[in-house]
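Trainee: If you scroll down you'll find the structure; I have some questions about it.
The values are calculated or read from the model by the stated rules, or taken from the named source; none is laboratory data. The shown structure was predicted, so the numbers you read here are calculated from the model rather than taken from an experiment. Quick reminder, even Gly has a Cβ in these numbers, built from the backbone with ideal geometry, and neighbours come from all protein chains shown. With ligands, DNA and RNA removed, areas are computed over all heavy atoms of the protein, side chains included. Shrake-Rupley method; radii C 1.70, N 1.55, O 1.52, S 1.80 Å.
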Amino acid sequence: MRSVRPLATALAVALSTGACTTTGIGTATAASDQAPMAIPLSTQSATARDEFLRGVHDLDVERAVTPRQHFDRAIAADPNFAFGHLYAAFAAPSLSAYRSHLDEAVRLADRATPAEQLWIRTERTGLDNDVNGQLALAQQLVQLTPSDPRAYGYLAGFQFNAGRRSDARATLERAAQIDPSFAPTWIQLGNSYLLTEPRDVAKADSYIRKAVALAPNEPFVHDYMGDVYRAENNLPQARAEYTRMIELDPSRAGAFQQRGHVNSFLGNFAEARTDYDRAVALADPTQKPTFAVYHALVNVYAGDPSAAEAELERVAGSVDALNIPNAVGSKIFAYSEEARIALHNRHLDVAQRAIDRLRTLFRQQAEMGRSDAFRRSNEANIDYWEGQLAARRGDYATARAKAQDMMAQMAPDQSPRKNEGAHELLGMADLLQGNYQAAAGHFAEANPDDIYVVYHRGLALEGAGRTAEAKAIFRRVADWNFNGSDTALVKAEAARKAG
């Protein structure tokens, strides 16, 4: 889902940190390879404590469903365990569940330890889209728990959200010094160099290999090692790493998804579809629609965007029958991908239909978020899609008005990156109108890690006669091997332009 800014959900925590959804706590270990925990837990229940620590460990190694099961058992054993509720929020399968657990953590916070209270306050501040406030609180948390690598990882996530990338990487370097044996820190640090600017694939390779050496039999490290090979354009070796994940855990749906991505890039479309089908079959019901979306994207790589749009329509239409708690979010993802493909290919009737559905879904989701900041973010998302459609129709005045409304919606937020989506929309309007220099300026103010934005900045630079800069950008896009409708739409064309 294309979002104006990362939302305060467990998924958003995972995306913003670039690694796993862990923060961490406790005074003992649930498994021999788990990092020591630096603060005491407030629960007096041995069962709650044991289940909680097992859940934290499973988050560390990025297991899909078992963390939620452990945290649910922890709070069943001790319903007043505020910190257990916070972690249940991190592992929640839906926005509604996330919000319910977070609200309960806040309600019970006076029973928690000072460090637990600070963690809960930091997460609650995200409901106000207050990244600056979260930064300040997470910095206090690190000062209070200076030997906990998870606290540093949590802080780094907010530093990335605020655009303070060098600070974030320095924070992760400090975490690695505190506990060099904690593989998730090396993963988070390495992954930051894979996916966020300024990128450095050699550093990413070095850091992620440290994690592989520490936990060679954990599937998640091979997931990220495969990502390194993708970034290095060594797709056969990437596929081998994802196959190693499958060997280590044949039930891991995400491993088949990852191999499906590589097969899509390699043009092995039948194999890609088989991998995605296997991922759907193995996945927890809450994950099935996501894997099905990637199956649909194979059509784009195969040169048939209309087939992708039709398949995404079917995916979205099938969600309600699954009776899953994250139905609204799953449909938003499918319709957002459909809208992107349709807009790019000027199938404007399809785009209109998808955006009409997104408008309703974003407002339903805003009710689940139960905060003014969440509502404003989703209204800005609606403006974004309506503005993109207006721009493709040549109604540049409406597109620019929607961008201005996005900025007005986001104005109360304490986030340095809050206007990136609006700049992307303004850039698209200028690009389509032939105002290339202005478009390049707006795209430079948009999300620097969004490959669709990067590609269109290249088009703007090309139009402005800045050919060398444009070709460098097209080469970067052509070599981008991380999947989504954005990559599927522009990767091949960028390769042609790069020469």
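Trainee: Right, Phe482: in contact with a Gly (Cβ under 9 Å, 6 or more places away or on another chain), within 22 Å of Glu197 (Cα to Cα) and at pLDDT 95 or above or not?
Mentor: No, not satisfied.
Trainee: Scan region 106-134 for residues that are within 24 Å of the chain's Cα centre (by Cα), of a type in the set (A, V, I, L, M) and closer than 12 Å to His85 by Cα and jot them down.
Mentor: Ile120
Trainee: Separate question: Could you identify the single residue in Leu459, Leu426, Leu389 that is more than 22 Å from Ala354 (Cα to Cα) and modelled with pLDDT of 95 or more?
Mentor: It is Leu459.
Trainee: What is the residue count in region 331-349 for residues that are open to solvent by 10 Å² or more (accessible area, probe 1.4 Å) and either of a type in the set (Lys, Arg) or in a helix (DSSP H, G or I) (or both)?
Mentor: 8
Each row is one residue, and each column tells you yes or no for (1) outside any helix (DSSP H, G or I); (2) modelled with pLDDT under 95; (3) buried (at least 18 other Cβ atoms within 10 Å of the Cβ).
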position	(1), (2), (3)
Thr125	no, no, yes
Leu135	no, no, yes
Gln159	no, no, yes
Trp186	no, no, yes
Leu189	no, no, yes
Tyr193	no, no, yes
Ala213	no, no, no
Pro216	yes, no, no
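Trainee: What number of residues in region 429-482 are under 21 Å from the mean Cα position of the chain (by Cα) and either of a type in the set (Lys, Arg) or not in a helix (DSSP H, G or I) (or both)?
Mentor: 11
Trainee: Here's another thing I want to ask about it. Under 6 Å between Cβ atoms, which residue pairs at least 6 apart in sequence (or on different chains) link something in region 418-436 that is within 25 Å of Asn132 (Cα to Cα) with a partner that is open to solvent by 40 Å² or more (accessible area, probe 1.4 Å) and in a loop (DSSP other than H, G, I, E, B)?
Mentor: Close Cβ pairs satisfying both conditions: Glu420/Asn447; His423/Glu445.
Trainee: Continuing with the same structure: Can you name every residue in region 242-290 that is among the hydroxyl-bearing types (Ser, Thr, Tyr), open to solvent by less than 60 Å² (accessible area, probe 1.4 Å) and either more than 21 Å from Ala488 (Cβ to Cβ) or free of Cβ contacts under 8 Å to residues at least 24 places away in the same chain (or both)?
Mentor: Once the filter is applied, which keeps residues that are among the hydroxyl-bearing types (Ser, Thr, Tyr), open to solvent by less than 60 Å² (accessible area, probe 1.4 Å) and either more than 21 Å from Ala488 (Cβ to Cβ) or free of Cβ contacts under 8 Å to residues at least 24 places away in the same chain (or both), region 242-290 yields Tyr242, Thr243, Tyr276, Thr286.
Trainee: Now a separate question. Here is a check on your reading of the model: is Gly84 touching a residue at least 24 places away in the same chain (Cβ under 8 Å) and open to solvent by 10 Å² or more (accessible area, probe 1.4 Å)?
Mentor: The answer is no for Gly84.
Trainee: Then there is this: If I ask for residues that are charged (D, E, K, R) and either in contact with a strand residue (DSSP E or B) (Cβ under 6 Å, 6 or more places away or on another chain) or in a loop (DSSP other than H, G, I, E, B) (or both), which ones from region 350-382 would you list?
Mentor: The one that is charged (D, E, K, R) and either in contact with a strand residue (DSSP E or B) (Cβ under 6 Å, 6 or more places away or on another chain) or in a loop (DSSP other than H, G, I, E, B) (or both): Arg370.
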